[in-house]
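For reference, the structure discussed in these notes is given below.
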Amino acid sequence: MGVYVAREVARRLAESGRDETADIVESEVAGFGLMELIAGWERVILIDSIQFAGVAPGTVVRLDPRDLHTSLRIRSVHEIDLPTVLELGHRIGLEMPRRVTVFGIQAEDACTFGECLTAAAAKGLETATDLVLEELEAVSSGTDLPDPNLTARLLLNRRAAPTT
């Protein structure tokens, strides 16, 4: 799901002449790979599909990384969740992001993949794109971070969309 948001954010930024506002990276990594990928960035925005009980498909939620101690992507003791990525990175001396924002888009069916978006996923894409652009605008205007000269960095986590 995140790849669609990444591409739409990039398209809208380019259309408005603000494509230098953020670096957009599409990636499928988690755990240690994610730790390596985000090291050295001041600010990171992650976008991915989620599956929470009682949340309507297409709903976008803003999450604090500390709330994400469980991950379906952990397949062995060698994989770690996002809070552990950030903490371990700091402990081993990596320059980890000062701020991480996570936008989750509720999946209708996280186990089925396809080439087109469901109506709920398309709604989530629009909402998530708008929220990311608002976040970037806040960073650019200096209302989001103490240092307005920091470059906004956008890291989008790629996930294929459910089928219709």
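The values are calculated or read from the model by the stated rules, or taken from the named source; none is laboratory data. Every value quoted in this text rests on a predicted model; they were computed, and no experiment measured them. Virtual Cβ from ideal backbone geometry, glycine too; neighbours counted across all protein chains shown.
The set of residues in the stretch 1-31 being in a helix (DSSP H, G or I), over 19 Å from L117 (Cβ atoms) and within 16 Å of the chain's Cα centre (by Cα) consists of G31 alone.
Only one residue in T59, T21 is of a type in the set (S, T, Y) and closer than 19 Å to R98 by Cβ. Which one?
T21
Total residues in the stretch 44-63 satisfying the condition of being within 25 Å of A138 (Cα to Cα) and of a type outside the set (V, I, T): the figure is 6.
Would you check if there is a residue in the stretch 106-121 being among the polar types (S, T, N, Q), modelled with pLDDT of 90 or more and within 19 Å of the chain's Cα centre (by Cα)? Can you show your working first?
Start the filter on the stretch 106-121 by keeping residues that are among the polar types (S, T, N, Q), which leaves 106, 112, 118.
The next check asks that each one be modelled with pLDDT of 90 or more; those that pass are 106.
Now restrict to residues that are within 19 Å of the chain's Cα centre (by Cα): 106.
The answer is yes, given that some residue of the stretch 106-121 is among the polar types (S, T, N, Q), modelled with pLDDT of 90 or more and within 19 Å of the chain's Cα centre (by Cα).
A single member of A53, A30, A39 is at pLDDT 95 or above, under 26 Å from D81 (Cα atoms) and either of a type outside the set (S, T, N, Q) or surrounded by 16 or more Cβ atoms within 10 Å (Cβ to Cβ) (or both), and it is A39.
Applying the criterion of being at pLDDT below 90 and more than 18 Å from the chain's Cα centre (by Cα) to the residues of the stretch 75-90, the residue that is farthest from E28 (Cα to Cα) is V77.
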